[in-house]
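Right, one structure below, let's go through it.
Derivation of every value follows stated rules applied to the coordinates shown; laboratory data play no part. What you see is a predicted model, and the numbers here were worked out from it, not measured in a lab. Ideal geometry is used to build each Cβ from the backbone, glycine not excepted, and the neighbour counts take in all protein chains shown.
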């Protein structure tokens with residue numbers, strides 16, 4: 001083995017800490033039950049923070065939200081995107097299934113949504 005190699009390093013970055021966001025990355029097909037919508041969300045790594053991700057087209061709004069991986073969940077703290085306030089949590093079930101519950105508000109009406117992410 002070469003000096004500096006670590007066979008347990010799953011980060012690819014050499015930090016030696018496990019890559020907890022890797023299982024969330026990629027394109028997910030979403031069924032948003034309350035809105036009866038289907039759309040795709042792409043989850044990407046936030047290059048500045050190793051536990052954070054960017055969810056593109058979250059809630060089918062065409063913009064992105066930021067989330068943080070905590071245990072087996074993605075936590076979306078309250079933030080404004082495309083004129084809506086959004087916050088919620090997604091639970092990791094398997095490599096092919098995430099389940100999100102989130103609150104979407106336009107400032108007048110609050111709507112609790114459940115969305116199933118599959119791939």
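Numbers below:
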quantity	calculated
Most mobile of 31, 96, 51 in a GNM of the chain (Cα contacts under 10 Å)	96
Among 27, 17, 80, residue whose mean-square fluctuation peaks in a GNM of the chain (springs only between Cα atoms under 10 Å)	17
Mean shadow area of region 22-118 over all directions, Cα convex hull, nm²	5.5
Proxy reagent accessibility, fewest Cβ within 10 Å first, across 117, 58	117, 58
Label-point gap, in nm, between residue 27 and residue 93 - each point 7 angstrom along Cα→Cβ	2.2
For a label point 7 Å along the Cα-to-beta-carbon line of residue 38, residues of region 95-119 with backbone N under 20 Å	96-100, 114-119
